[in-house]
Amino acid sequence: MARKQASQGTPATAVLAAAGVPFVAHPYSHDPAAASYGLEAAEVLGVDPARVFKTLMVDVDGRLAVGVVPVSGNLDLKAMAAALGGKKAAMADPAAAERRTGYVLGGISPLGQRQPSPTVLDDSALGLDTILISGGRRGLDIELSPAELIRLTGARTARIGAGRK
């Protein structure tokens, strides 16, 4: 995988470049009318939706956390809470998610967040050589190995995806 960072310039790509992690930037023309940012990325880029992961901010017992799951399914909130030793999880307030991460909705990356949060990556990623995650803005996905994402975010893995295909 080649490293590309010059024209992408987001905190997520800066983290990857600083760590010397190989990645591929996949910019695409984002349609503001798209119902699902992640499914849009998979379709436009011609990538299996099971390899494209969405970043979701979650409130677990009053603390913000990051869930990273395939766009082909949903986040299992109970499993997310359990993965972090919590009792209850709910989707985070969108404004709180943007403040915490420094990213806009639809462009939240698990990498380069203003204030990092505990991160859980769905264990389906472990069977893949590479996955695509948001690159830090709408219309940019970055492809990297799940192991590097885990290393850079300190993520734990668990089965937190629901309804995945």
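The values are calculated or read from the model by the stated rules, or taken from the named source; none is laboratory data. Just so you know, these numbers come straight off a predicted model, no measurement behind them. With ideal geometry, Cβ positions are generated from the backbone for all residues, glycine too; neighbour counts draw on all protein chains shown. For accessibility, only protein heavy atoms count, side chains too; no ligands or nucleic acids. Shrake-Rupley method; radii C 1.70, N 1.55, O 1.52, S 1.80 Å.
Some notes on this structure:
- Fraction of antiparallel bridges per DSSP, the chain only, in percent to nearest 5: 75
- Among 119, 50, 37 - extreme Cα towards positive end, dipole of the chain, charges at beta-carbon: 119
- Among 29, 72, 145, the largest mean-square fluctuation in a Gaussian network model of the chain (Cα springs under 10 Å) belongs to 29.
- The GNM of the chain, with springs linking C-alpha atoms under 10 angstrom apart, assigns the highest mean-square fluctuation among 21, 120, 52 to 21.
- Stokes-Einstein diffusion coefficient of segment 19-92, Kirkwood radius over Cα pairs, 25 °C, 0.890 mPa s, in µm²/s: 177
- Gap separating the Cα centres of segment 123-165 and segment 31-65, nearest whole Å: 11
- Using a probe radius of 1.4 angstrom, the carbon and sulfur fraction of the accessible surface of segment 21-145 is 52%.
- Result for the chain in a Gaussian network model with C-alpha springs under 10 Å: among 57, 91, 80, the largest mean-square fluctuation is at 91.
- Protein heavy-atom accessible surface, 1.4 Å probe, per residue over the chain: 47 Å².
- Farthest toward positive dipole pole in segment 20-165 [+1 Lys/Arg, -1 Asp/Glu at C-beta], among 158, 130, 27: 158
- Dipole magnitude of the chain about its Cα centre (Cβ charges: Lys, Arg +1; Asp, Glu -1), debye to nearest 20: 420
- Extension gain from residue 19 to residue 39, taking 0.36 nm per residue of separation minus the Cα-Cα distance: 4.3 nm
- Taking N as its residue count, the alpha carbon Rg of the chain over 2.2 N^0.38 Å: 0.94
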